[in-house]
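Working notes, beginning with the structure itself.
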Amino acid sequence: MIICNLAVLLAERQLKITRISNDTGISRTTLTSLRQNDAKGIQFDTINTLCNYLSVEPKDFFDYSPLDFSVKFSLSENAIEFDYDYAVDSEQTKGIPLGVNIDGFLSCISPKGNETIELSINLSTKGNIFRSNQFLINCELASKNDKINFSKIISQLSIPLKTELRNQIGNSLKNFLHEKENSEYISEYFDWKKENITEIYNIDLF
């Protein structure tokens, strides 16, 4: 896992991308991509220019760990969570839908082998209102054993790498939710549209 420390370097120097772009000739698009760690690569000339401009060495420009991560999500077996069941004409009926339960699996790939950590995610309606378009997303470790194993893993990461991992989990979860927005199973209970998913991620992992 490798990230660019440009965001940290800029914050320490109270510099803005517009000024750096004007001073160095590097495009705002490239600088923004590096700051957000969206870039797929970086040219040596760009590294050289930025290192000289910021008075740092390449080792200060990047943060590295031999650990790599990938994350996958799936709807839980009982994905829709209801507040209660009630009887109508002697037939059991579901109550107000409160949210959606999602299973997550975080894979840690290292030179010593791979390990999978199970995550538990709940997407709940804000205010428990039927057909709500406001959602709160909560992500936590599924068990005590997962917490112990995950704690050992993240102890090897720097703060910037931990932040990047948190962002990776959050973005992967957001993409999964967007893929499922037209699911008949989900849309039966929720007015779940991509633009209406509130981007509030309580990722209780660190």
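The table below lists the values:
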item: Chain lengthening between Arg13 and Ile148 when straightened (0.36 nm per residue, less Cα-Cα); result: 44.9 nm
item: Theoretical FRET efficiency, 1/(1+(r/R0)^6), r = Cβ-Cβ of Asn22 and Lys162, R0 45 Å, to 0.05; result: 0.85
item: Efficiency of FRET from Cβ geometry, Asn175 and Phe62, R₀ 35 Å, rounded to 0.05; result: 0.85
item: Under the Karplus curve 6.51 cos²θ - 1.76 cosθ + 1.60, θ = phi - 60°, whole-Hz ³J(HN,Hα) for region 150-167, x wherever Gly or Pro sits; result: 5, 4, 5, 5, 6, 5, 8, 9, 6, 4, x, 5, 4, 4, 5, 5, 4, 5
item: Cut-off 17 Å (backbone N to label point 7 Å along Cα→Cβ of Glu118), residues of region 139-178; result: 139-151
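Bear in mind that the values in this text are calculations on the coordinates, not laboratory data. In this text, all values refer to a predicted model and were calculated from it rather than measured experimentally. Glycine gets a Cβ as well: all are built from the backbone with ideal geometry, and neighbour counts include every protein chain shown.
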